[in-house]
1. Under a Cβ-Cβ cut-off of 14 Å, what is the net charge of the residues other than ASP122 that fall near it, where Lys and Arg count +1 and Asp and Glu count -1?
2. Stretched out fully, how many nm does the piece from GLU85 to ARG102 gain, at 0.36 nm a residue minus the Cα gap?
3. Students often check this: by mean Cβ neighbours within 10 Å, which of 45-54, 24-33 ranks highest, and how do the rest follow?
4. Which one, LEU96, ALA79, ALA55, is farthest towards the positive end of the dipole of the stretch 10-150 when Lys and Arg carry +1 and Asp and Glu -1 on their Cβ?
5. Calculate the radius of gyration of the Cα atoms of the stretch 10-150 to one decimal place, then report Dmax, the largest Cα-Cα distance, as a whole number, both in Å.
6. Using the charge dipole of the stretch 10-150 (Lys, Arg: +1 at Cβ; Asp, Glu: -1 at Cβ; taken about the Cα centre), state which of PHE65, ALA135, LEU145 has its Cα farthest towards the positive end.
7. In whole Hz, what ³J(HN,Hα) sequence does the stretch 48-54 give by Karplus (6.51, -1.76, 1.60; θ = phi - 60°), x for Gly and Pro?
8. In nanometres, what is the gap between the two model label sites at ALA64 and GLN129, each 7 Å from Cα along Cα-to-Cβ?
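Every number here is computed from the coordinates shown, using simple stated rules; none is lab data. Not measured: the values here are computed from a predicted model. Every residue, glycine among them, receives a Cβ derived from its backbone with ideal geometry; neighbour counts consider all protein chains shown.
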Amino acid sequence: MTDEVFTLTPLDIRRFDFGTALRGYDKARVDQFRDEVGREVERLVKQCQDLESKARGFHEQLRAFRERDKAINEALVSAQQLRAEMREQADREAQLIVREARAEADKILEGARSEARRAYGDLEQIVRQRRSYLAQLRTLIERQLADVEAAEAAPGSTMPAVEAREPAVKPTTPEWLDSLASE
């Protein structure tokens, strides 16, 4: 049993033959076997301690991995909730912007309509003033024409005395209509 690697099994211990000597077992062989058993048990105890230490380390790593996994899952859930909240907030903001834009568009449109109504009213007033001016002008011209025809038809006078008189109705015209009449 001088092998460098001595592996001892329970069966080896049970079947080992110490041999007999004068007064029982050979003491040297028993001591040698006991030394080998002691070394093997020491090695096994040390190996067992190393394995237990590694197992504790693995268990600690496993616990740390589980904690990390839990933290990652919680972070993922938080990120998903944050994303949903941000999406909802963005939707609300977009709806608010759309409502404000529509309100502003309605305001601008109403202002444009009001301006158009005012401009149309101004145009109608101008058209009425023009018609009134033209009617007054026509009346004045017709009177003048009647006076000319009456003067031409008067018997016996070659040139009647012309009275300077003002027309009965003096037309009122705005200055800008005078420029239209001259065109």
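1. Combined, the nearby Lys, Arg, Asp and Glu give +2.
2. That works out to 3.6 nm of additional length.
3. In descending order of packing, they fall as 24-33, 45-54.
4. ALA55
5. Cα radius of gyration and Dmax of the stretch 10-150 are 56.7, 189 Å respectively.
6. Farthest towards the positive end: PHE65.
7. 4, 5, 4, 5, 5, 5, 4
8. With each label point 7 Å from Cα toward Cβ, the separation is 9.4 nm.
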